[in-house]
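Okay, so here's the structure we're looking at.
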Amino acid sequence: NAGVTQTPKFQVLKTGQSMTLQCAQDMNHNSMYWYRQDPGMGLRLIYYSASEGTTDKGEVPNGYNVSRLNKREFSLRLESAAPSQTSVYFCATDLDGLDSPLHFGNGTRLTVT
Amino acid sequence: AQKITQTQPGMFVQEKEAVTLDCTYDTSDPSYGLFWYKQPSSGEMIFLIYQGSYDQQNATEGRYSLNFQKARKSANLVISASQLGDSAMYFCAMRDFSGNTPLVFGKGTRLSVIA
């Protein structure tokens, strides 16, 4: 039972390159989220998906796109990476919002040079 | 809009002592939930404790308890009998229930436990 799996764990990109961060869950949760963590800023929501087939913007969506491929998978794409997107990215899931706690993947450390 | 404030960037505590990490929040929704997470140096996010706005009693989970003062809009985490393994970042987070909004996080408090 893997829980929430993120790939890759580490990535270095040059400015302007693109990449997709993958997230898969085997918890049968409905909601999935992408957060970024920067020093002194806590976790900020990029995009989320309350259910299969829906996606919504969070606090910091600019420069990102997402796809909820099916109930299990939620990917985050950087079309043209910028140094400001250097961060640690976390995927998280929960059953149905409300009082359900988030379950996190182990994070992806992305550096854009 | 929801807002979470953690005013202590860093805290020190002696091993075996209790420590309180502060969290205040702002919301106009009468129904909401408050969560605390721990992030050790290894980087994973670990859920610690949950408090609902209508819960009559303060939440407790082992050595963790939540000092919930609804009128003051505060939800402080109390860690009793601190251990060296408690050294980590701690995040307070909340969610409004009426719009089923995603979890909003505070900026965190770094706790260091001293032997």
Self-check item: Computed over chain A: relative contact order in percent, which uses C-alpha pairs under 8 Å that are six or more apart
Solution: 36
Quiz item: How many angstrom separate the Cα center of the range A:30-74 from the Cα center of the range B:1-63?
Solution: 23
Practice problem: Return the average number of partner chain Cβ atoms within 10 angstrom of each residue Cβ along peptide A:100-107. | Solution: 6
Quiz item: Taking the range B:1-88, which chymotrypsin sites (Phe, Trp or Tyr not before Pro) meet the DSSP loop condition and have no more than 15 other C-beta atoms within 10 Å?
Solution: B:54
Quiz item: Hey, which of these cross-link pairs are over 27 Å Cα-Cα: A:9/A:57; A:71/B:3; A:71/B:73; B:70/B:107; A:14/B:3?
Solution: A:71/B:3; A:71/B:73; A:14/B:3
Quiz item: Plugging the Kirkwood radius over Cα pairs into Stokes-Einstein for chain A, at a temperature of 20 °C and a viscosity of 1.002 mPa s, what D comes out in µm²/s?
Solution: 154
Quiz prompt | P(r) histogram, all alpha-carbon pairs of chain B included - 5 Å bins from 0, percent | solution = 2, 12, 24, 25, 19, 10, 5, 2, 0
Quiz item: Any idea which of A:78, A:29, B:33 is furthest toward the positive side of the dipole for the protein assembly as shown, if Lys and Arg beta-carbons carry +1 and Asp and Glu beta-carbons -1?
Solution: A:78
Quiz item: Based only on Cα atoms, what Rg/Rh ratio does the range A:65-113 have, Rh being taken as Kirkwood's radius?
Solution: 1.04
Exercise. Please give the per residue volume of the convex hull enclosing the alpha carbon atoms of the range A:8-62, rounded to a whole number of Å³.
Key: 128
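When DSSP beta bridges are limited to those with both residues in chain A, what percentage is antiparallel, rounded to the nearest 5?
90
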Practice problem: Note down the relative contact order for chain B as a percent, whole number, built from C-alpha pairs under 8 angstrom at least six residues apart. | Solution: 37
Quiz item: How much net charge surrounds residue B:96 when only other residues with a Cβ under 15 Å from its Cβ are counted (Lys, Arg +1; Asp, Glu -1)?
Solution: -3
Quiz prompt | Debye log10 I(q)/I(0) for the protein assembly as shown, one point scatterer per Cα, at q = 0.10, 0.17 Å⁻¹ | solution = -0.46, -1.24
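For the range B:3-61, report the convex hull volume of the alpha-carbon atoms normalised per residue, in Å³, without decimals.
Given the Cα convex hull of the range B:3-61, per-residue volume reads 121 Å³.
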Practice problem: Grab the eigenvalues of the alpha-carbon gyration tensor for the range B:53-115, scale each by 5, take roots, and send me the semi-axes largest first in whole angstrom. | Solution: 25, 15, 9
Quiz item: At what distance in nm do the modelled label points of residue B:110 and residue A:52 sit from each other, each positioned 7 Å from its Cα along Cα→Cβ?
Solution: 4.3
Exercise. Looking at the protein assembly as shown, send over the antiparallel percent of its DSSP beta bridges, to the nearest 5.
Key: 90
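Read-outs throughout are calculated quantities, based only on the coordinates presented, and are distinct from any laboratory measurement. Predicted model only: the values in this text are computed from it and were never measured. Every residue, glycine as well, gets a Cβ built from its backbone with ideal geometry; the counts of neighbours run over all protein chains shown.
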